[in-house]
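*Asks:* Shown below is the structure under consideration.
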Amino acid sequence: MISVRRWSIRLRIMLVATIPVVLAAILITSYHMMQRWEELQRETDSLANIALEHLVAGAEYPIFSGNYQLLNPVVMAVLKQPSIAAVEILDMSGKRLYFQQTERYEEIPRKDVRTLTREIFPEIPALDSLSEFDSQQPEVHRIGLVKMEVADTFIRQRQDAIMYQSMVAGLGFVLVSMLVAGGISTTIIPPLERLTGFIGQLASGNVKQRITIDSGAEIGNLQDSANRLAESLQHAQEAHRRYTAELREEQHKSQQASQAKSEFLAMMSHELRTPLNGAVGMLQLIALDNKAEEFYEYKSMAEQSLTNLAQLLEDVLVVVDTEKNNLPVVFAEHPLPEILATLMHEFSLRALEKRLSFVVEYDDILSQGKIRVDPSLVRQIVRHIIDNAIKFTEQGYVVALFSIHQQPTSHWLRIQVKDTGIGIPPDKRHKVMEAFSQISSSFSRQYDGIGLGLTISQHISHILGGSIQLRDNDGGGTQVLINLPIKRSVVSGNQDTDVLGMALAVLVVEDNVVNLKVAEKMILKACPGANVVAAENGERCLECVAEQDFDLILMDCQMPVLDGFETTRRLRANGVTTPIVACTANGSDLVFRRCIGVGMNDYLGKPLSLASLQATLLKWGRKGGTEVSTTDR
């Protein structure tokens with residue numbers, strides 16, 4: 001295959017100038033030739049029809065009179081046309097009355113001959129047709145037939161001549177364009193060759209030389225651009241040394257970050273195994289012959305270990321999701337003291353163990369009403385901030401203040417945590433906000449934990465549209481100030497719990513046996529009178545709904561045979577209005593929108609908690625599926 005890239009610039013210019021001209025010449029010549037051919041054909045046909053009309057008009061009297069020699073002048077005049085080969089006149093019975101041909105008739109190939117015929121009718125009707133006693137129209141009878149043979153040989157000769165003339169003209173046009181292109185190329189090639197040599201010198205590292213700019217628009221601009229390129233390369237060489245030093249510094253930082261990440265993974269492995277070992281060990285110690293005190297002690301320690309493990313997993317998921325910009329957010333209305341009650345109780349016990357004063361205050365608005373927040377993320381922020389405060393405070397106090405700050409167009413939840421701990425130097429505050437970079441093995445071993453509390457809190461605050469600030473506390477230590485945008489609710493914090501005393505019929509659709517048993521036991525604990533029916537897949541769910549009415553359906557999304565999305569779609573198509581709440585471990589916005597899109601009413605994240613399940617039963621019990629969750633994502 002020919003490589004066009006290896007051709008010289010001169011040849012390329014010649015081709016660029018010539019090929020369009022050749023194509024244009026071919027198109028124009030072909031169009032002109034076809035037009036001339038069509039005109040010649042129309043002219044020949046027109047002359048043949050005119051000659052045939054003259055023959056018909058001139059043959060009437062000779063046929064009536066029988067003097068066929070009178071046809072000679074008309075026929076000879078017609079035969080002078082180059083395209084007419086012969087003329088024949090026949091009577092009404094088809095008998096030849098007259099025939100005349102050209103001298104070259106025998107030389108004409110029969111395939112080039114076509115015959116035109118025309119009937120002869122008298123222009124003057126018979127005398128009896130003029131009788132006044134005849135009421136009918138006069139009849140006109142054919143008196144003869146004219147046949148004229150037309151030869152296309154002359155047309156083809158003319159077409160060949162036209163084609164030859166058109167080709168000669170097109171070839172001349174191409175030759176002239178090639179000469180013009182060659183002349184123009186002599187004004188383009190030498191400057192380009194000099195420019196090529198100059199660029200070659202630039203490639204070899206000689207950036208101080210400059211090329212003389214010739215007159216001419218594009219080439220002159222190109223030469224000027226080459227000179228400016230040489231200047232840029234010269235500046236680049238000077239800047240290269242600076243950038244190299246900066247790159248080395250960034251590489252060093254990257255290596256430090258990679259090392260910190262490796263240390264974090266090693267630390268996380270240890271931190272995950274610690275509560276896991278505690279939970280597994282306590283569960284192994286639980287036996288049927290345990291005393292009541294031992295049983296509750298082992299159970300409490302196992303629950304605490306599992307809680308710590310769940311919190312560590314939440315931290316890891318936040319780090320992963322924030323790096324992917326895919327942290328799921330689920331807004332709902334809750335009283336803030338209720339969200340943080342269990343957490344604050346745990347912190348009060350820890351503070352009591354360290355002999356610290358632990359104070360928690362809510363303003364009147366938060367104490368009496370609800371706010372629209374993501375309870376899980378807010379709880380995670382508060383857990384990390386207060387956990388750090390208690391961890392790094394050996395004596396004194398830890399104070400957590402929660403308040404609402406109203407502005408004309410928005411409301412903000414302010415979380416302020418003060419401690420009298422070791423504090424954070426001002427020059428280190430930006431460092432503790434960076435992921436992984438604040439991890440230090442010696443520091444972390446003095447204080448337990450993975451050391452990502454502030455980093456995770458900052459990520460969550462930014463995702464929620466808020467901010468986090470670090471300040472010095474007046475009494476020593478650190479003050480952390482967090483502002484989060486919220487929406488206040490006018491609904492009272494009290495809920496009607498009568499529904500939990502009713503005999504609710506709940507259908508749990510879950511393919512995992514353990515999860516099914518957990519959901520069943522939690523429902524019975526939250527609503528002792530509930531009738532819980534289990535279905536292991538979507539098809540079984542459809543059968544159960546057809547056999548029995550339910551007040552609520554808890555639907556797992558990922559199942560074999562028929563998943564939760566398709567099952568919900570079929571239920572809604574069948575007219576089932578029972579509230580359907582999705583139960584899935586995937587908390588992304590995409591899955592939430594898909595759940596609502598197929599007809600589900602609400603969403604519960606796994607692992608299930610007794611509080612969230614109880615809130616779901618309170619919200620959807622006996623509602624009949626007439627509304628969809630207004631939870632914001």
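*Asks:* Checking the conditions here, which among Ser376, Ser367 is loosely packed, with under 15 Cβ neighbours inside 10 Å and at pLDDT below 90?
*Replies:* It is Ser367.
*Asks:* Looking at (1) surrounded by 15 or more Cβ atoms within 10 Å (Cβ to Cβ); (2) under 17 Å from Arg383 (Cβ atoms); (3) modelled with pLDDT of 70 or more, which is the only condition Glu303 fails?
*Replies:* Glu303 satisfies all of (1) surrounded by 15 or more Cβ atoms within 10 Å (Cβ to Cβ); (2) under 17 Å from Arg383 (Cβ atoms); (3) modelled with pLDDT of 70 or more except (1).
Condition check ((1) open to solvent by 50 Å² or more (accessible area, probe 1.4 Å); (2) over 26 Å from Pro335 (Cβ atoms); (3) modelled with pLDDT of 80 or more; (4) in contact with a helix residue (DSSP H, G or I) (Cβ under 6 Å, 6 or more places away or on another chain)) across all residues:
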| residue | (1), (2), (3), (4) |
| --- | --- |
| Glu566 | yes, yes, yes, no |
| Thr577 | yes, yes, yes, no |
| Arg594 | yes, yes, yes, no |
| Val598 | no, yes, yes, yes |
| Thr616 | no, no, yes, no |
| Ser629 | no, no, no, no |
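*Asks:* Please determine, by comparing only the residues of the range 430-454 that are in a helix (DSSP H, G or I) and open to solvent by less than 50 Å² (accessible area, probe 1.4 Å), which one is modelled with the highest pLDDT.
*Replies:* It comes out as Leu454.
*Asks:* Take Ser65 and tell me if it is farther than 27 Å from Arg114 by Cα and surrounded by fewer than 12 Cβ atoms within 10 Å (Cβ to Cβ).
*Replies:* yes
*Asks:* Can you tell me which residues in the range 206-229 are more than 17 Å from Leu192 (Cβ to Cβ) and in a helix (DSSP H, G or I)?
*Replies:* Arg228 - this is the single residue of the range 206-229 that is more than 17 Å from Leu192 (Cβ to Cβ) and in a helix (DSSP H, G or I).
*Asks:* Let me ask another. Any idea which residue in the range 455-469 is nearest to Ile424 (Cα to Cα), counting only those that are touching a helix residue (DSSP H, G or I) at 6+ places or on another chain (Cβ under 8 Å) and open to solvent by 20 Å² or more (accessible area, probe 1.4 Å)?
*Replies:* Filtering first and then ranking leaves Ile468.
*Asks:* Here is a follow-up. Of all the residues that make up the range 603-613, how many are in contact (Cβ under 8 Å) with a residue 24 or more places away in the chain and open to solvent by 20 Å² or more (accessible area, probe 1.4 Å)?
*Replies:* The number of residues fulfilling the criteria is 6.
*Asks:* Let me ask something additional. Output the residues belonging to the range 158-169 that are out of contact with any His (no Cβ under 9 Å at 6 or more places or on another chain) and either open to solvent by less than 30 Å² (accessible area, probe 1.4 Å) or modelled with pLDDT of 75 or more (or both).
*Replies:* Residues satisfying the conditions are Arg158, Asp160, Ala161, Met163, Tyr164, Gln165, Met167, Val168.
*Asks:* Answer yes if at least one residue in the range 517-535 is farther than 18 Å from Leu617 by Cβ, open to solvent by 30 Å² or more (accessible area, probe 1.4 Å) and not basic (Lys, Arg), and no otherwise.
*Replies:* Looking through the range 517-535, none of the residues is farther than 18 Å from Leu617 by Cβ, open to solvent by 30 Å² or more (accessible area, probe 1.4 Å) and not basic (Lys, Arg).
*Asks:* Of the residues Val87, Val78, only one is of a type in the set (Val, Ile, Thr), closer than 16 Å to Val146 by Cα, part of a helix (DSSP H, G or I) and open to solvent by less than 60 Å² (accessible area, probe 1.4 Å); which?
*Replies:* The conditions single out Val78.
*Asks:* Among (1) surrounded by fewer than 15 Cβ atoms within 10 Å (Cβ to Cβ); (2) on the phi < 0 side of the Ramachandran plot; (3) assigned to a loop (DSSP other than H, G, I, E, B); (4) not polar (S, T, N, Q), there is one condition Gly94 misses while meeting the rest; what is its number?
*Replies:* (2)
*Asks:* If a residue has to be out of contact with any strand residue (DSSP E or B) (no Cβ under 9 Å at 6 or more places or on another chain), modelled with pLDDT of 70 or more and not β-branched (Val, Ile, Thr) to count, how many in the range 490-516 make the cut?
*Replies:* Qualifying residue count, the range 490-516: 0.
*Asks:* Let me ask you something else. Which one of the conditions (1) on the phi < 0 side of the Ramachandran plot; (2) at pLDDT below 85 does Lys391 fail to meet, given that it meets all the rest?
*Replies:* (2)
*Asks:* Could you give me the residue pairs with C-beta distances under 8 Å whose first residue belongs to the range 338-363 and is in contact (Cβ under 8 Å) with a residue 40 or more places away in the chain and under 19 Å from Asn308 (Cα atoms), whose second residue is among the acidic types (Asp, Glu) and assigned to a helix (DSSP H, G or I) wherever it lies, and which are 6+ apart or on separate chains?
*Replies:* Note: pairs meeting the criteria are Phe347/Asp387.
*Asks:* Identify the residue in the range 97-125 that is part of a helix (DSSP H, G or I) and surrounded by 14 or more Cβ atoms within 10 Å (Cβ to Cβ) and, among all such residues, is modelled with the lowest pLDDT.
*Replies:* Asp112
*Asks:* Since Thr44 meets every condition but one in (1) open to solvent by 70 Å² or more (accessible area, probe 1.4 Å); (2) closer than 21 Å to Tyr105 by Cβ, which condition does it not meet?
*Replies:* (1)
The values are calculated or read from the model by the stated rules, or taken from the named source; none is laboratory data. Fair warning: this is a prediction, and the values are worked out from it, not measured in the lab. For neighbour counting, all protein chains shown are included, and Cβ atoms are generated from backbone atoms with ideal geometry for every residue, glycine included. SASA here: full protein model, heavy atoms, side chains in, ligands and nucleic acids out. Shrake-Rupley method; radii C 1.70, N 1.55, O 1.52, S 1.80 Å.
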